[in-house]
Amino acid sequence: MKTFADRYFLAICLLLIILLGIFFQYPYFNEFPVFEHSWAQTDRYAISLGFLNNGFNLFKPEVFLYNKLFPFDFQKIYDTTITSVDFPIHDFIAALLMKLLGSREVWIFKTYILFYSFAGLFFLGKIAYLLTKNKAKTLIIIVFAASSPTFVFYQNTFLPTIPSIANTIIGLYFYLLFLSNNKLKNFYIFLFFVTLATLSRTTCVIYLLSILCVESIFTFNKKQFIYRKLLAASLSICIVLTYFIFNYQLRSIHGSIFLSSLMPARSLSEAVVLLKTIKDIWLLSYFSLGQYILFIIFFSIAIILFIQLKNRKDKLHKPFITLTTIVTTASIIFSFLMLRQYSDHDYYFIDILYLPAILILIFSLSLIPVPTNKELSLVGISLASVILIFMIISAKNSQANRRNSSKKTQRIFTQYKNIIPVLDSLKISKNVKILIIDPFAPNLPFIIINRKGFALLSLKKSTIQTALSWPYDYLIYQNESFVSAVYNQYPEFISEVNPIYANTELTICKKNKIKTNTNLLTYLKLNDSKPEYEVTSNFEDIDTLQFSNVLTSDQKYFRGGKSYMLTEDKDFGLTYKSKTVPVLQKRKSFLLLNAKVLAENSTEIDIVVSINEGEKNIYYEAINLEKKIVKGNNWNDLTLSYNLPQVINKDYELAIFVWNAGKTKVNFDDLKIQIY
């Protein structure tokens, strides 16, 4: 007679999967992607929103950017925001759900991905039960797979990784069912799901080709349904190739924000460094320590038993071992072909290595017999339960730990959310093009303000100059990094734009039709303001209590009778230090340094501003003078600027010093340090 557990075992498995998912994800359902991998996540969210904006044209996916990452690293602008991308069916379905629910809230997309993860885990449980024929082993496999910290993180995000690997698992189940009952419809269902997985995530081609390889080994030689299977397999491959060609054309015309090439290590030494980096950063994110221990125990026992068991009667066992071997081998090879991506993108683990690891675990548990001794069985169940509980707790904790980073994207999210009313009050239409400087995650601020434009990520003189020539209507930058990251690279910036709004975080500018003649203090509206802190020296009579490493020269000077001289033998030159700068404790501030500089031979020196709170450095900015002054016998006007953070600790010290990295000889005169 069947027990309750026998009758409703699969329902129990599904309930367990849902409860684990809710336990892991309940605080984060409507959380905007501002933590790890916010770049990749907001790109996918942007595509989904793009379908809402383009009338659900599945074959013209678009984002919010007119300049794309590939192939010109955001340096080329396009006429449209269309991008090439792996078949965006999941982004499309999420957009349909948003339309039906009348909302663009992130929880809709994230819940869709979460439900897909439930389906993947459920069919993984069915595979486990099909092969192990044991409820306890099946539950172990489900909990193990559901508790991978990396899986848990992406289980409730925007990436197609989870639905693609879930479709692969569903397809694999139906393929094993086909091997078991020889019903052709199961072969067709397998092809449908794995083809769909491959279309939406190219890495899944590993599984499609591996399973077809197994099929050619074990069943094609039986000549059963051979033509129909060949036709179906050929159709699957043709669909994948057709979309690949279409996507390539899309990329060549519109560019892309998504990688489409292999990224192997460029040398053996680089491969070693990358593998070490991956181990240090991600090893305990892929699986927890308890999972590794359990995996090694089960696998070791299984290998010993496998050697002893020469024949296995289960007809699924041999093709499953072959499939697992082929998939694992192919995945390892493909991992090395994408090695440079692994160090920064842990979701490649889910794409490529997660499923082979779970298949190996299923293989291991399928070989290990259930103890007949009740006491031994109880000990085994108790030990496994303790480890499984630790797995679940570890996965839960990993969710919180991942949200302790990425402060920059959290700040950008808040900054741009706060200026939405401002943009509306300034009557800045949603049809204008906005240039956003240093958005970190390119689509992120555009999604928040619901406007399209250009993202400038590389802050060099040439790239800033090029971006200012693009057809933008308005420009937005972060005040905190403007001086050091933008103005110091390209001082002419302030003549090409006109600020029309500024708060403590962001400045909105309008593009000037003609360049204006202005200076930094005027641009920042500080021209009529008095500095709250000021230090000057012409090196005639210098304060040695605050200045150190002072060496004056009466041979060369701009005016007066002396200048400061930096000689080739000094690594560090003139240094100014102070522990009493009241403005630093009031708010964020702005430091302006002016001097006359004479460099006859080389300008390879840095002017460094640093702030320490106790033993901790909270600010360090080094500006190199090589492109700011001209070598020769003439004195140069030097103006440098630094955005300083607010100091919280009373025990602090401001330091300004010369770093002679190029071992050069330089003279300074008429030094002025002002803080506003």
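I need to check one value: relative contact order of the stretch 414-500, counting alpha carbon pairs closer than 8 Å and at least 6 residues apart, in percent. Relative contact order for the stretch 414-500 comes out at 29 percent. Among the listed values (i) 26.0, 86; (ii) 35.2, 113; (iii) 31.1, 107, the one computed from these coordinates for Rg and Dmax of the Cα atoms in Å is (iii). You can think of it this way: the chain between K616 and L15 has 211.4 nm of extra reach, that is 0.36 nm per residue less the Cα-Cα gap. Are any of the pairs K515/K562; K408/K663; K461/K672; K408/K596 more than 30 Å apart by Cα-Cα distance, and if so, which? Cα-Cα > 30 Å for K515/K562; K408/K663; K408/K596; rest within. Loop-resident trypsin sites (Lys or Arg not before Pro) (DSSP state other than H, G, I, E or B) in the stretch 474-517 with no more than 13 further Cβ atoms inside 10 Å of their Cβ: K513, K515.
Charge tally around S484: other residues with Cβ under 12 Å, Lys/Arg +1 each, Asp/Glu -1 each, net -3. A cut-off under 11 angstrom between Cβ atoms defines the neighbours of N612, and their net charge, with Lys, Arg +1 and Asp, Glu -1, is -1. Full extension of the chain between A655 and S469 yields a length gain of 63.2 nm, computed as 0.36 nm times the residue separation minus the alpha carbon distance. In the chain, helical runs assigned H by DSSP with n ≥ 4 each contribute -39500 (n - 2.57); averaged across all residues and rounded to the nearest 500, the mean residue ellipticity at 222 nm is -15500 deg cm²/dmol. Solvent exposure of the stretch 421-535 amounts to 45 Å² per residue of accessible area, where only protein heavy atoms count and the probe is 1.4 Å. Given their separation in residues at 0.36 nm each and the Cα-Cα distance between them, K433 and L378 gain 13.1 nm when the chain is fully extended.
Around the amide H of G573, modelled in the peptide plane, lie the amide H atoms of V658, W659, N660, all under 5 Å away and 5 or more residues distant in sequence or on another chain.
The angle between the Cα long axis of helix 205-218 and the main principal axis of the chain comes to about 20°, on a 0 to 90 degree scale. Taking Cα centre as origin and charging only the Cβ of basic (Lys, Arg, +1) and acidic (Asp, Glu, -1) residues, the dipole magnitude of the stretch 5-132 rounds to 260 debye. Relative contact order for the chain: 12 percent, from Cα pairs under 8 Å spaced at least 6 residues apart, divided by residue count.
The longest part of the chain holding none of the exposed loop GluC sites (Glu not before Pro), meaning those outside H, G, I, E and B in DSSP with at most 16 other Cβ atoms within 10 Å, is 106-491.
Net charge within 11 Å of Y676 by Cβ-Cβ distance, Lys/Arg positive one each and Asp/Glu negative one each, not counting Y676 itself? My count for the surroundings of Y676 gives +2. For the stretch 338-353, backbone phi angles converted through the Karplus equation (6.51, -1.76, 1.60; θ = phi - 60°) give residue-by-residue couplings of 10, 4, 5, 7, 4, 5, 10, 10, 6, 5, 5, 4, 5, 4, 10, 10 Hz, Gly and Pro being listed as x. Across the stretch 105-212, the relative contact order, built from alpha-carbon pairs under 8 Å that are at least six residues apart, equals 26 percent. The string of couplings for the stretch 465-478 from the Karplus curve (6.51, -1.76, 1.60, θ = phi - 60°) is 4, 5, 4, 5, 8, 6, x, 8, 9, 9, 9, 10, 9, 8 Hz, one whole number per residue in order, with x for Gly and Pro. Listed by chain and number, the aspartates and glutamates whose C-alpha is less than 17 Å from the C-alpha of K627, apart from same-chain residues fewer than 8 away, are E492, E600, E604, D606, D637.
Within the stretch 1-64, the trypsin sites (Lys or Arg not before Pro) that combine a DSSP coil assignment with at most 14 other C-beta atoms in a 10 angstrom radius are K2.
If the reach is capped at under 24 angstrom between alpha carbons, list the lysines near K99, excluding any in the same chain fewer than eight residues apart. Leaving aside lysines fewer than 8 places away in the same chain, those within reach of K99 are K60, K110, K417, K430, K452. Note that the stretch 28-95 presents 32 Å² accessible area per residue, ligands and nucleic acids not counted, probe 1.4 Å. What the phi angles of the stretch 303-308 give under the Karplus curve with 6.51, -1.76 and 1.60, with θ = phi - 60°, is a coupling list of 5, 4, 5, 5, 5, 6 Hz, glycine and proline written as x. Give me the aspartates and glutamates in straight-line cross-link reach of K577: C-alpha distance below 16 Å, same-chain residues under 8 apart excluded. Result set, ordered by chain and number: E534, D543, E613, E615, E621, D651, E653. Trypsin sites (Lys or Arg not before Pro) within the stretch 186-268: which are DSSP loop residues with at most 13 other Cβ atoms inside 10 Å? When the trypsin sites (Lys or Arg not before Pro) of the stretch 186-268 are filtered for loop state and at most 13 Cβ neighbours within 10 Å, K223, R266 remain. Per residue, the stretch 155-297 exposes 47 Å² of accessible surface when a 1.4 Å probe is rolled over the protein heavy atoms with every protein chain present. When the solvent-accessible area of the chain is split by element, carbon and sulfur atoms take up 61 percent of it, the probe being 1.4 Å.
The values are calculated or read from the model by the stated rules, or taken from the named source; none is laboratory data. Note that the coordinates shown come from a computational prediction; the quantities given were computed from them, not determined experimentally. FYI the Cβ positions are ideal-geometry reconstructions off the backbone, even for glycines, and counts take in every protein chain you see. For the accessible areas, the whole protein counts, side chains as well, though only heavy atoms, and no ligand, DNA or RNA atoms are used. Shrake-Rupley method; radii C 1.70, N 1.55, O 1.52, S 1.80 Å.
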